[in-house]
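The values are calculated or read from the model by the stated rules, or taken from the named source; none is laboratory data. Computed from a predicted structure; not experimentally measured. Here Cβ is always computed from backbone atoms with ideal geometry, including for glycine, and neighbour counts include all displayed protein chains. Keep in mind that these areas ignore ligands, DNA and RNA; they rest on the heavy atoms of the full protein, side chains included. Shrake-Rupley method; radii C 1.70, N 1.55, O 1.52, S 1.80 Å.
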Amino acid sequence: MSLNHSGLLKSMGPDPNTTNVSITTGVMGNQAGNITVNAIIENTGGGTRTLTLDAANAITVNAKIRGSTNNALNVIFNAAGTPGSGGGVTLADNVNTFGGDFTINTPGTVTQSAAFSANALNLLGGGSFTLNSANSFASLTATASAVSLRNTATATIFGAITTGAFTFNTGGTVTQTAALVATTANLLGTGGSY
């Protein structure tokens, strides 16, 4: 499924009947079960909203997903697939939640060539997350096979994190409020305080 038409979901607008939007591929049928975002999706009014993309396989973001001033957008990506095969998320354009949360749930591989900005970042599903662009987020929780992550925010709160290899790069302050369980942990960054 591709979201190509610029008007399809361009504006979640002030209409109270469009508070949240969910798009799903379903799990039956002979299609691959992928979702590709090829047109801007934005919340332009009506306060905080939630966009959920549920793919039986993979999600690719080729166009901006964003909230706006006073209109946060919680973004949830569920890319099912199976560990080591299918699933996964590719961020080829920016995601800016304007204070909303960003959740990526997949057993697959997550990569990016464009940064994201969010309040809370939740990496779930046991996948492998490589997110080393100039990202900005306030807090992190993770259940993953591997996490490599960069944060440009001045402060980050670590919630519960369970992963294999864990690499975190920041120039800001990190406060830990729950256990960090990892096979290896690399805490990097010039001027970072852990």
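Residue pairs, Cβ under 8 Å, 6 or more apart or interchain, first in segment 181-194 and closer than 15 Å to ILE157 by Cα, second part of a loop (DSSP other than H, G, I, E, B) and aromatic (Phe, Trp, Tyr). List them.
LEU187/TYR194
For segment 128-146, which positions are hydroxyl-bearing (Ser, Thr, Tyr) and either farther than 18 Å from THR175 by Cβ or outside any strand (DSSP E or B) (or both)?
Correct list: SER128, THR130, SER133, THR143, SER145.
For segment 1-51, how many residues meet the condition of being modelled with pLDDT of 85 or more and of a type in the set (Ser, Thr, Tyr)?
Final tally of qualifying residues: 7.
For SER148, only one of the following conditions fails: (1) open to solvent by 40 Å² or more (accessible area, probe 1.4 Å); (2) more than 13 Å from the chain's Cα centre (by Cα); (3) free of Cβ contacts under 8 Å to residues at least 60 places away in the same chain. What is its number?
Only one criterion is unmet by SER148, namely (1).
For segment 128-137, enumerate the residues that are of a type in the set (A, V, I, L, M) and surrounded by fewer than 18 Cβ atoms within 10 Å (Cβ to Cβ).
Hit for segment 128-137 is ALA134, nothing else.
Quick one: is PRO107 touching a Pro at 6+ places or on another chain (Cβ under 7 Å), at negative phi and at pLDDT below 90?
no
Would you pick out the residues in segment 164-194 that are in a strand (DSSP E or B) and out of contact with any Gly (no Cβ under 9 Å at 6 or more places or on another chain)?
Matches in segment 164-194: GLY164, ALA165, PHE166, THR167, THR175, LEU180, VAL181, ALA185, ASN186, LEU187, LEU188.
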